[in-house]
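Contents: one structure, followed by commentary.
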Amino acid sequence: MQFEPGSGGSSSPSPSGNSGRSATPRSRAAPPPPLHPPPGLGDPRAPSRREPPPARMIKGCQNECMGGGCLGEMGKQMTESFKASDLIITPATTFKEKPDPTGLVFGTVFTDNMLTIEWSLASGWDKPYIKPLENLSLHPASSALHYAIELFEGMKAYRGVDSKIRLFRPTLNMDRMARSARRTTLPSFDQNELLECIRKLVEVEQEWVPYSTSASLYIRPTLIGTEPSLGVKKPTKALLYVILSPVGPYFASGSFSPISLWADPKYVRAWKGGTGDCKLGGNYGSGIYAQQEALEFGCQQVLWLYGEDHQITEVGTMNLFLYWINEDGENELATPPLDGIILPGVTRQSILDLALNWGEFKVSERYITMSDLTAALEENRVKEMFGAGTACVVCPISKILYKGKHLHIPTMENGPELTTRFLNKLSDIQVELLDISSCPLPLAISSWFSTTNQGSGGGGKNVDCYSTLSFLDLIILLAC
């Protein structure tokens, strides 16, 4: 998704992308979303990777609930979404100084404006507003404060080498946000309408997008329950808001420093039947204590384990990948399957898409235990291990403290060739360093937003806002 600085627009869907290679069959069946073929990546019309559960009606219910199933005693559900066309923009008139992106500390500097949209069970969604950044006014009994009825997302806007501003696979973030909302009983919304509101906010704040290929504008959509009640129940009021924060490079200039991990099964990040596959604040806050203990042991992050067999799940707040020679003697890139305790990361999916497209080694979503890892280390079968997420893209791993022993991971001794390759390819896609004109293959560049925008000067301006090519088309471009 991209837009010209100073552009505007209303949404119209783009065609779906191409399907990719088939993934290697997994040893255990994992629930959707499937690894491949990914339907319509970057396509607002594409179905969610995880379909919502069928509506269930409670016997004798007279509430006439709409769409999302029966609410029982909660009454009638208001599902009609807000509209980006109703957006009211009253931007800030005083402006903060833009910081040097090389000196930024993640998430500590914020732009001048924010997006807010209120919801109530009685009247549904209010009109969206872009207004000056301000503190929220919440009742002290708000459900988000007491029972963690809230969710958030994390995505980035990049300024390309052509000075255009792009969002990286934002529809995947919208899909995940919608799934998190269902899981927390927060109101549903039209993902395309929210994405267009976010695009408008970034357009208003376009000068906050760093003029740098190593920095970006972090976007934090958040949805919280605001009902003033101490009852443990589905909230009847909610607030959706979006704030923006410029962020610099995750790694210092010229460095690609590996991290050390502390693995102890006494702490669990998520469990089957829980909310580990949703992006909820409670999943992060509950891990801070273990993170502090990891620091006391001289490690930088927690390697989260699960089950009696100590399955490897995630690293800190990142998805985890292992590049090794597997038990069958094959070069394999493996990551834990989406079985309900793993967050379906956008970077995770992008790495899988790239690796499958390259077709150079086996790509698997499979269970990996600490016994599997230690055996592979003893047999010199481990090549690289890394975390993946929006903040750093990829992060190499060099050491794991497990059961009082330091396990050396030879990531850096092996380049890290594959880790660096993923970092470079994804970064190049995000800032459009790829030369489209040099690629002989046909590319489906589809118009997403195309409209005539009445600027502040009263003159109309034709604007085309593209999805930057579907992500799979960009993958094809890498081979050119």
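Hey, does segment 264-284 have a residue that's crowded, with 21+ Cβ neighbours inside 10 Å and assigned to a strand (DSSP E or B)? Looking through segment 264-284, none of the residues is crowded, with 21+ Cβ neighbours inside 10 Å and assigned to a strand (DSSP E or B).
Any chance segment 167-189 includes a residue that's of a type outside the set (Val, Ile, Thr) and either outside the structural domain of Lys98 (by the TED database) or part of a strand (DSSP E or B) (or both)? Checking segment 167-189: at least one residue is of a type outside the set (Val, Ile, Thr) and either outside the structural domain of Lys98 (by the TED database) or part of a strand (DSSP E or B) (or both).
When segment 95-130 is filtered for residues that are in contact with a strand residue (DSSP E or B) (Cβ under 8 Å, 6 or more places away or on another chain) and more than 28 Å from Pro235 (Cα to Cα), the ones remaining, listed by number, are Lys98, Pro99, Pro101, Leu104, Phe106, Gly107, Thr108, Val109, Phe110, Thr111, Asp112. So in segment 368-391, with the set limited to residues that are of a type outside the set (A, V, I, L, M), outside any strand (DSSP E or B) and buried (at least 20 other Cβ atoms within 10 Å of the Cβ), which one is modelled with the highest pLDDT? Ranking the qualifying residues of segment 368-391, first place goes to Asp372.
Would you mind stating whether Pro235 is surrounded by 19 or more Cβ atoms within 10 Å (Cβ to Cβ) and not in a loop (DSSP other than H, G, I, E, B)? Considered against the rule, which asks whether it is surrounded by 19 or more Cβ atoms within 10 Å (Cβ to Cβ) and not in a loop (DSSP other than H, G, I, E, B), Pro235 comes out as no. Just one residue in the set Leu138, Leu133, Leu217 is more than 28 Å from Asp100 (Cα to Cα) and either buried (at least 17 other Cβ atoms within 10 Å of the Cβ) or at pLDDT 95 or above (or both); that residue is Leu138.
Each row is one residue, and each column tells you yes or no for (1) out of contact with any Leu (no Cβ under 7 Å at 6 or more places or on another chain); (2) under 30 Å from Lys233 (Cβ atoms).
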{"position": "His139", "(1), (2)": "yes, yes"}
{"position": "Ser143", "(1), (2)": "yes, yes"}
{"position": "Phe152", "(1), (2)": "yes, yes"}
{"position": "Met155", "(1), (2)": "no, no"}
{"position": "Arg159", "(1), (2)": "yes, no"}
{"position": "Leu167", "(1), (2)": "yes, no"}
{"position": "Leu172", "(1), (2)": "yes, no"}
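In this structure, Thr335 does not qualify as farther than 26 Å from Lys266 by Cα, assigned by the TED database to the domain that holds Asp264, buried (at least 21 other Cβ atoms within 10 Å of the Cβ) and of a type outside the set (Gly, Ala, Ser). Selection within segment 164-184: residues that are closer than 16 Å to Leu201 by Cα and in contact with a Gly (Cβ under 9 Å, 6 or more places away or on another chain). The member of this set that is modelled with the highest pLDDT is Pro170.
Could you tell me whether Glu314 is within 21 Å of the chain's Cα centre (by Cα) and either modelled with pLDDT under 95 or outside the structural domain of Ser180 (by the TED database) (or both)? Yes: the conditions hold for Glu314.
Inside segment 368-387, residues that are touching a helix residue (DSSP H, G or I) at 6+ places or on another chain (Cβ under 8 Å) and either among the hydrophobic types (A, V, I, L, M, F, W, C) or outside the structural domain of Asn331 (by the TED database) (or both) make up a count of 2. Looking across segment 288-306, just one residue is without any contact (Cβ under 8 Å) to a residue 24 or more places away in the chain and either under 23 Å from the mean Cα position of the chain (by Cα) or not in a helix (DSSP H, G or I) (or both), and that is Ile288. Cβ-Cβ distances below 7 Å connect the following pairs, each with a first residue in segment 156-183 that is within 20 Å of Cys392 (Cβ to Cβ), a second residue that is of a type in the set (Ser, Thr, Tyr) and surrounded by 23 or more Cβ atoms within 10 Å (Cβ to Cβ), and a separation of six or more residues or different chains: Lys156/Ser216; Ala157/Ser216; Tyr158/Ser216; Arg166/Tyr158; Arg166/Thr468; Phe168/Tyr158; Arg169/Ser350.
The values are calculated or read from the model by the stated rules, or taken from the named source; none is laboratory data. Every value quoted in this text rests on a predicted model; they were computed, and no experiment measured them. Please note: Cβ atoms are built from the backbone with ideal geometry, for glycine as well, and neighbour counts cover all protein chains shown.
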